[in-house]
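Accompanying notes for the structure given below.
No value in this document is a laboratory result; all are computed from the given coordinates. Please read these numbers as outputs of a predicted model, since none were measured by experiment. In this analysis, Cβ positions are derived from the backbone assuming ideal geometry, glycine residues included, and neighbour counts consider all displayed protein chains.
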DNA sequence: CACGGTGCATAAGTGATCCTGATGCGCATG
DNA sequence: CATGCGCATCAGGATCACTTATGCACCGTG
């Protein structure tokens, strides 16, 4: 009757699967139970939430879908946060990273941590940018590293899904990849504003997704002709070297790539920024790494 | 067994009341049920949450308390958001304000709205700063107005309790209230940094709580000797006029108060800022007011 | 147009659950 | 040491939340 968490969970699952019976299988219920769950939710809220045949959210269902996943995530986060208190693993450290977040700054801090506590069981998992925070909130990872593009010393616009603290871990200049024989490849720097109408390659899984570039530059430009899925910068560089379009990457990374020339980008001033994400109360090896990285960026500044 | 919403609700109630039986009365349960709820939560999370006799949170309970109220609020927010779709009241508009947020800018926008839709049933409720957002999220108010102190054009640090949009409604300079015979009362402006060690009156319910001033100025100064509870600026002015201590208020308000001289404050540059808070999908009369205020601040800029 | 298949709704039954009322027990207080 | 207060525990009954079984609307097929 009451709007309960498991009702919300099946509601979300039904719309995820676009099917009652599919959601039932996924949740380990019978189809009948799922049907009753949705009916109970609809009765409780006094509105039809799901259109059946085909299964789709009604306007009210859409509204609820804007809340439910975040709610369930926070619920898991709360449970994880309590569990962490008692099941802390002082010899394990799991790090969730987006693709380009594992910079040398971070790697050096990790090495330093390993040096002080040699029997540390370290695991690094590279994930899509959006799920890194979820991993941290649900304690599947102790720390998160998210990279993105922002104005210098501006924070990244992370979705606010729960009580997390973020800390700048590194800032690197941006560079544009040109084929080595491209006329602009000789330049010491290029202005991004001059390149909004150029041919771009969109590589949303690497360090600089074009939609983010559009948002930060407040332009409608940077329209891609080629889309590149995957986190491998070498493949992206190969495309750029072949003249299929321009691509942007952090300068230190871009400079090492074969077949292309990395030209620093300015105007607008943008940086590739990496942020460390942790919960309000990091447990022991995580807290040490936070301190190490905080110290590094503080002295590097 | 599962970490359910009503279990969390009684958990919070128990620690609010510092009593099982008190919480039971408040929730309409028997004491026995409350006891079982807490036991079920503890069994589910595998940790003792509440210390009994006296009733107090354990470390794990404290951790859970950092999540539970926000979670329950978001649950109510989700329910309210769906309910709004069907029970929209196009002739009612309820506005939740913190004490000093009802500036002339807002008042004029309200007058304009009343002019265009004359049979509008308007209600304004003045509340503590922290609960304004809750009122908006749970649809007890259609719009919220929160005031506070910030650097010019910086947003106020609102607690992130749910999907809300904020919009600057007004910015006013700050002023310090001096007794008219005070030596600094003649000055055309004063530097707040020179006054950190002065005697202050803390009036946390008015426009400029001292703890906020400390936070923004990053100082340990502004220590109060007198505390003033209540939202009435005249009472505060009377205390300041009698020489009990200094107080800060927005200049337009401060200039009208008897017995004191309002001297504009600068260094650091701070403003009294009012922000309009609304949900992602404001309903009709609310949306109009948002547009009106957005238009006003846009043209005023 | 009959036919079966698919997929959600509904009905009936059952074991688990959640609450109440009664009682027990530890701990203060006088 | 008696008493009261307050939380824990127990037993029982109402309710709930599943399952299985069946119904029914819709769709594609021969």
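General observations
- Relative contact order, whole percent, for chain A stands at 20, derived from Cα pairs under 8 Å and 6 or more residues apart.
- Cα→Cβ-extended label distance, 7 Å offset, between residue A:89 and residue B:164, nm: 3.9 nm
- Placing a label point 7 Å from the Cα of residue B:164 along the Cα-to-Cβ direction, the distances to the matching points in the other copies come to 2.2 nm, shortest first.
- Hull volume in cubic angstrom per residue (convex hull over the Cα atoms of the stretch A:5-85): 87 Å³
- Whole-Å distance, taken between Cα centres, linking the stretch B:44-72 and the stretch A:24-59: 33 Å
- Whole-Å distance, taken between Cα centres, linking the stretch A:181-227 and the stretch A:100-145: 29 Å
- Copy-to-copy label separations for residue A:204, where each label sits 7 Å from Cα toward Cβ, in nm and ascending: 4.6
- Cα-based shape type of the stretch A:65-121, given that a ≥ b ≥ c are square roots of the gyration tensor eigenvalues and the cut on a/c is 1.5: oblate
- Global form of the stretch B:89-152, assessed from the alpha-carbon gyration tensor, a/c cut-off 1.5: oblate
- Across every pair of non-identical alpha carbons in chain B, the mean reciprocal distance, once inverted, gives a Kirkwood radius of 21.6 Å.
- Taking only the Cα atoms of the stretch A:213-261, the radius of gyration and Dmax are 11.6, 31 Å.
- Going by neighbour counts of Cβ atoms within 10 Å, the residues A:87, B:272, A:67 line up, fewest first, as A:87, A:67, B:272.
- Cβ-vector label at 7 Å, residue B:121, separations to other copies in nm: 6.3
- Simple spin-label estimate for residue B:130 and residue B:193 in nanometres, 7 Å along Cα-Cβ: 3.2 nm
- Among A:105, A:274, A:261, B:193, sorting on how many other beta-carbon atoms sit within 10 Å of each Cβ, with the fewest leading, yields B:193, A:105, A:261, A:274.
- Rh (Kirkwood; distinct C-alpha pairs) - the protein assembly as shown, Å: 27.8 Å
- Relative exposure of B:86, B:37, judged by other C-beta atoms within 10 Å (fewest first): B:86, B:37
- Within chain A, helix-based [θ] at 222 nm, where runs of 4 or more DSSP H residues each add -39,500 (n - 2.57), nearest 500: -13000 deg cm²/dmol
- By Cβ position, the chain B residue that hugs the axis carrying B onto A most closely, with its distance in whole Å, is B:160, 2.
- Rounded D (µm²/s) - the stretch B:162-301, Kirkwood Rh over Cα pairs, Stokes-Einstein at 20 °C, 1.002 mPa s: 132 µm²/s
- Among beta bridges identified by DSSP and lying wholly in the stretch B:89-301, the antiparallel ones come to about 60 percent.
- Taking a ≥ b ≥ c as the square roots of the eigenvalues of the alpha-carbon gyration tensor, the stretch B:150-240 is classed prolate because a/c is 1.5 or more and a/b outweighs b/c.
- Stokes-Einstein D (µm²/s) once Rh is taken as the Kirkwood radius of the stretch B:63-220 over alpha-carbon pairs, at 10 °C in 1.306 mPa s: 87 µm²/s
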